[in-house]
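Here, each number is a calculation from the coordinates, and none is a lab measurement. Quantities reported herein were computed from a predicted structural model and do not represent experimental measurements. With ideal geometry, Cβ positions are generated from the backbone for all residues, glycine too; neighbour counts draw on all protein chains shown.
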Amino acid sequence: MRQSSQLYLLSIAAGLLLATASLSSQTATPQPLTVPLAGVQASRPLLQGVPQTTGMRSGFVHLKPGETVGWHTTGKNEESLVILHGQGEALIDGQAKKPFIAPAFVYVPPATRHNVANTGTGPLEYVYVVAPAKPQ
């Protein structure tokens, strides 16, 4: 059951990636893209803006036990985390820690200072997607 949940989350992440542009594209027109995540052992970008997308960024994060990504904000953008493996905490400035165990989903609103920490005994792996938020 756990493995099928992880595969389901991977398919969601892949679906998000298919809506973006090709890494090899030389034009500003986004193209479909697939990126295998199996066996990836380091953090790396998956999408980095034009010509890959029209505003979305995405990446894969691998944290060892005790590691964090560091406090940051995505400015006017909102962020989603698709937790694929492990356990951790979403640390949101001014709020209680928000623990999670894979498979899980974490949402971070725009202009929110935050951090992600691996609180488990094994690796924490997730895909992040950052996109421009709709003006309110």
Checklist outcome for this item: Env charge @ Trp71, Cβ radius under 14 Å, K,R +1 / D,E -1, value -2
Checklist entry - When we measure straight from the Cα of Lys98, which lysines land under 24 angstrom away, once same-chain ones fewer than 8 places off are left out? => result Lys64, Lys76
Checklist entry - Got a sec? Charge dipole of segment 65-134, +1 on Cβ for Lys and Arg, -1 for Asp and Glu; which of Pro65, Pro110, Gly122 is way out at the positive end? => result Pro110
